[in-house]
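The values are calculated or read from the model by the stated rules, or taken from the named source; none is laboratory data. These figures come from a predicted structure and were not determined experimentally. Note that each Cβ is placed from the backbone with ideal geometry, even for glycine, and that neighbours are counted across all protein chains shown.
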Amino acid sequence: IKPVHGYAKQGVGYGYNKVKGLNALIATLSTPLAAPVIAATRLRRGSVNSVRGAGSFAAEAIHTARASGATGMLTVRADAAYYAAEVVAACRALGARFSVTVRMNASVKQAIAAIDETAWTPIKYPKAVWDSEEERWISDAEIAEIEYTAFTSKPKKQQVTARLIVRRVKRLNPATVPEGQGELFTAWRYHAAFTDSTLPLIDAERDHRRHAIVEQVISELKNGPFAHAPSGSFQANAAWLALAALAFNLTRACGTLAGTFHARATCATIRDHLINVPARLARSARRLTLHLPEHWPWHDAFEALFHAVHTSPQPF
């Protein structure tokens with residue numbers, strides 16, 4: 001949800017988070033070795049349900065990924081707001097795999113309860129602590145999987161059977177327990193993902209957690225070109241969102257051309273280092289000369305970007 005102010009903007013409403021604004025869908029394209037770029041955007045009314053139109057939006061993002069040169073297997077990752085038969089159907093129709101967080105409804109809870117206690121596998125979780133004496137990770141995070149049929153309230157052709165990957169974490173933080181005081185029985189928090197990934201359990205669970213990559217992109221947009229939705233016209237703001245995505249991708253391309261450091265840097269860092277350059281422009285004999293600052297730490301990166309942009313492409 002992009003918060004806005006004023007009563008003249010078209011499409012403004014209160015969304016799921018009780019914030020007055022406009023609802024923007026963002027799809028990103030990323031690999032383990034590259035920072036994400038935006039593959040698709042869609043502006044919607046602020047009060048619209050998150051999953052509305054998500055199936056066609058997922059299809060649009062997959063088509064864009066293929067058109068941009070993506071080969072091999074694509075995996076569509078999403079959070080629980082997009083756990084819907086339409087999204088899964090769009091992925092399967094276009095040859096992409098899916099990995100979607102599920103809501104903890106009665107059916108999912110029943111499936112989790114059916115997992116045998118011996119099936120849980122401890123994993124190395126973010127911020128886990130290595131216990132050298134026991135030679136294991138102290139993270140209280142465990143994962144398991146079970147076959148699950150989703151969307152059973154839909155017609156038979158829309159029902160999908162795949163893997164339900166479940167992660168559980170202890171509700172009680174051991175660091176906050178007074179010395180000598182234990183728990184009567186272990187209580188867990190469960191997080192589940194529905195996926196048709198062919199990866200091993202640990203890799204599939206880790207891969208699903210990467211769906212949070214889009215949160216960084218949304219943050220960069222809100223702190224950059226989409227800091228405002230400046231028009232009262234809904235269509236003008238939709239165009240503004242598309243231009244914001246274009247600016248984001250061009251900035252990301254500049255960082256990639258500049259070198260390995262800026263290829264992974266945020267857009268704000270790229271703007272500070274390579275675009276908002278503290279330089280002086282001089283004119284002499286009808287020629288422009290750009291005088292860069294002395295001892296500038298980003299000289300090599302800027303020069304690499306400059307030559308990459310101005311080098312004539314080789315003919316085929």
Every residue from region 50-71 that is among the charged types (D, E, K, R), modelled with pLDDT under 95 and either outside any helix (DSSP H, G or I) or under 13 Å from Ile26 (Cα atoms) (or both): Arg52
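Could we say that His191 is surrounded by 13 or more Cβ atoms within 10 Å (Cβ to Cβ) and either modelled with pLDDT under 90 or among the polar types (S, T, N, Q) (or both) here?
no
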Out of (1) closer than 23 Å to Leu22 by Cβ; (2) of a type in the set (Gly, Ala, Ser); (3) in contact with a strand residue (DSSP E or B) (Cβ under 7 Å, 6 or more places away or on another chain), the one Gly224 does not meet is (3)
Checked against (1) under 30 Å from Arg252 (Cα atoms); (2) charged (D, E, K, R); (3) surrounded by fewer than 20 Cβ atoms within 10 Å (Cβ to Cβ), Lys18 satisfies every condition except (1)
Does any residue of region 194-202 turn out to be in a loop (DSSP other than H, G, I, E, B) and without any contact (Cβ under 8 Å) to a residue 60 or more places away in the chain? yes
Against the condition touching a helix residue (DSSP H, G or I) at 6+ places or on another chain (Cβ under 8 Å), surrounded by 16 or more Cβ atoms within 10 Å (Cβ to Cβ), farther than 30 Å from Gln10 by Cα and without any contact (Cβ under 8 Å) to a residue 60 or more places away in the chain, how does Ala301 come out, does it pass? yes
Provide a single number: the residues in region 43-56 that are closer than 27 Å to Arg252 by Cα and either touching a residue at least 60 places away in the same chain (Cβ under 8 Å) or loosely packed, with under 15 Cβ neighbours inside 10 Å (or both). 2
Restricting to region 83-120, and then to whatever is surrounded by fewer than 13 Cβ atoms within 10 Å (Cβ to Cβ) and closer than 20 Å to Pro155 by Cβ, can you tell me which residue is modelled with the lowest pLDDT? Asn105
When you scan region 79-125, how many residues do you find that are outside any loop (DSSP other than H, G, I, E, B) and of a type outside the set (Lys, Arg)? 27
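Taking the condition of being in a strand (DSSP E or B), farther than 23 Å from Arg210 by Cα and in contact with a Leu (Cβ under 7 Å, 6 or more places away or on another chain), how many residues in region 3-43 meet it?
Count: 2.
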Go through (1) closer than 28 Å to Met104 by Cα; (2) assigned to a loop (DSSP other than H, G, I, E, B) and name the single condition Val76 misses. (2)
